[in-house]
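Have a look at the structure below, then the notes.
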Amino acid sequence: MKLFNVVAAFAVFSAATTAYAISPACAQLPTSQADAEKQLGITAAQKAKLKTIDAKYKPRLEALRAKYAPKIKALQDQMAALQQQATREAKPISEAGQKEAEAVFTTAQRAKMKKWQQLQQQAMQQQGGMGAMGGAMGGVGKP
C-alpha cells in the first residue's frame, strides 16, 4: 500500500514541479498589488475610485467573516480530530498491506524503491514544504 503511495506521490510531485518550472504563464502573473496596478496601467483616478469601493464593502465582508469564523474554526477542529482518528485506524491496515506487498518484490526491487523514497524525502526537505515523507506514506523496505 505504502509502496504505491510512494511511487504515486513521487510521480505527482515530479509532474507538479516540472509543470511549475516550465510554465511561462506563471511568469506573466503580477506578484503584488502594486505590480498588478503597474501592469494594468491604473490611473490615480481609478485608484481613488477603487479605494472608495473597497471602503464601502470591506466592513460588510469583515462582519461576515467575524460571524462565521467561530463556526468555521469548530468545523476545522472537528475535521482535524476525524482525520487523526482515521489515520490511527488506517495505520495497522496499511502496515499489513505493506508487509504483504513487500514480499512480492525482489531484494533489488525493494532497494531501488527505498532509494526512490530517500530521493523524494531529500527533495521535499530541500523544498522546505511538506517535509519528509517517512510518516504515513514512507517506509518501503523498513523493518
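The values are calculated or read from the model by the stated rules, or taken from the named source; none is laboratory data. This structure is a prediction, so every number in the text was calculated from the model and none was measured. As a convention, Cβ positions derive from the backbone with ideal geometry for all residues, glycine included, and neighbour counts pool all protein chains shown.
Tabulated data for the structure shown
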item	result
Residue among GLU62, GLU37 that alone is of a type in the set (Asp, Glu), farther than 30 Å from GLN126 by Cα, in contact with a Lys or Arg (Cβ under 8 Å, 6 or more places away or on another chain) and at pLDDT 85 or above	GLU37
Residue check, GLU95 charged (D, E, K, R), surrounded by 11 or more Cβ atoms within 10 Å (Cβ to Cβ) and at pLDDT below 95	no
Helices (runs of 4 or more DSSP H) contained in region 23-120 and holding at least 1 residues at positive phi and of a type outside the set (Val, Ile, Thr)	none
